[in-house]
Amino acid sequence: MLKNIALLCLILTLNACVSVPQKAFNKGTQDIKTIEVLPMAYTEAQISYPHPGLNFGLIGGAIAVAELNAKGNKLQDQLQAADFDHYASFQKAFDAAMSARGYQLIWSDPVAAAKNDKAKRGAWLLRKGARPTDRADAQIDINLVFYGYAASGAGKSSPYRPTISLSAQLFDKSGKKVLFSDVVTYHNTAPALKKAISIEPDPAFAYQTFDDLEAAGAAVAEGLDAAIRDSAEAMAKQL
C-alpha cells in the first residue's frame, strides 16, 4: 500500500503544485553533537515516466499505476538479484557525510520500519511528530520517498535515469520542535519541485527503454548507489 501511495504522490507532482517543506537550519544557535536517526519509512524500488493513462481520469490513472508498479516490481527483483540494499547504502553514505560535519549519528536497529509500520506520516513520508529522546541532542526523520529509475518524457531524449527523492526533518530532543526540513531530488523530473535541492544525474547511467534497463543487470544497482550517496551528502550539507 505504501508503495502505491508514494507512487501516486509522485504522479501527482507531475501536474500539480506540491509544497516542499523547507526550514533552514541555524547551526550557530544549536549545540547539537549527537543525532538519533528515527526508523526510515518502508519503501521499495519504483519506476516512473509520463504514462499516457494519467491523462484519462481515474480509470486511466489506475491502469497507469498498475503498469508502473509492475515495472517497479521487476526493478525490485533486479536489485535483489544484485544484492543491493538501499537502506544500507544510505546509512553508509549519510553516516560518513554527517561525521565529516562533526555529528555522531545513533541509528535505529533495524534502520527502516517494517512494511506494516503504523507511524503517522504526512507528505513526503515525514512523521507528524516524534517522541522525546534522551539518547541524543536531536533526532532526524529522513526518508527515501522515491528511489528507482524515472524518465521525464518519451523517446531517446528522455532515458530512464537513477532517481531519488529524499526528505528530512530535524526535531529537537523533545520531539516537539522542528529545527530543519528540506527535500533533495536526484534527477528531478517534476517541474513543480523546482524549490527542492536538485542534483543532476550521472550520465553514465541512462537507459533508452525499460528493456535496456532490464538488460543492464547489476549496473542499475551501481547507478542507484551513486544517486543515494550524492543525495545523502547533499542533505548533510544543509546541516
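Every residue, every condition in (1) open to solvent by less than 50 Å² (accessible area, probe 1.4 Å); (2) of a type in the set (A, V, I, L, M); (3) over 15 Å from L144 (Cα atoms), yes or no:
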{"residue": "N73", "(1), (2), (3)": "no, no, yes"}
{"residue": "D85", "(1), (2), (3)": "no, no, no"}
{"residue": "R101", "(1), (2), (3)": "no, no, yes"}
{"residue": "S108", "(1), (2), (3)": "yes, no, yes"}
{"residue": "A113", "(1), (2), (3)": "yes, yes, no"}
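Scanning the range 119-152 for residues that are under 17 Å from S198 (Cβ atoms), open to solvent by 10 Å² or more (accessible area, probe 1.4 Å) and outside any strand (DSSP E or B) yields W124, S152.
Taking the criterion of being buried (at least 21 other Cβ atoms within 10 Å of the Cβ), under 19 Å from L239 (Cβ atoms) and out of contact with any Phe, Trp or Tyr (no Cβ under 7 Å at 6 or more places or on another chain), the residues of the range 161-195 that qualify are L166, A168, F171, D182, V184, T185, Y186. Against the test of being within 20 Å of the chain's Cα centre (by Cα), assigned to a helix (DSSP H, G or I) and under 14 Å from A227 (Cβ atoms), the options S165, S198, S89 yield a single qualifying residue, S89. Provide a single number: the residues in the range 84-126 that are touching a residue at least 12 places away in the same chain (Cβ under 8 Å) and either acidic (D, E) or in contact with a Gly (Cβ under 7 Å, 6 or more places away or on another chain) (or both). Residues flagged as touching a residue at least 12 places away in the same chain (Cβ under 8 Å) and either acidic (D, E) or in contact with a Gly (Cβ under 7 Å, 6 or more places away or on another chain) (or both) within the range 84-126 amount to 2. Of all residues in the range 129-137, none satisfies being of a type outside the set (D, E), at pLDDT 95 or above, out of contact with any strand residue (DSSP E or B) (no Cβ under 8 Å at 6 or more places or on another chain) and more than 21 Å from V37 (Cα to Cα). Taking into account only those residues within the range 165-178 that are at pLDDT 95 or above and touching a helix residue (DSSP H, G or I) at 6+ places or on another chain (Cβ under 9 Å), which is nearest to L75 (Cα to Cα)? Once the filter is applied, the top-ranked residue is L166.
The values are calculated or read from the model by the stated rules, or taken from the named source; none is laboratory data. A quick note: this is a predicted structure, and the numbers were derived from the prediction, not measured. Reconstructed Cβ throughout: ideal geometry from the backbone, glycine too, with neighbour counts over all protein chains shown. All accessible areas refer to the heavy atoms of the entire protein, side chains included, with ligands and DNA or RNA removed. Shrake-Rupley method; radii C 1.70, N 1.55, O 1.52, S 1.80 Å.
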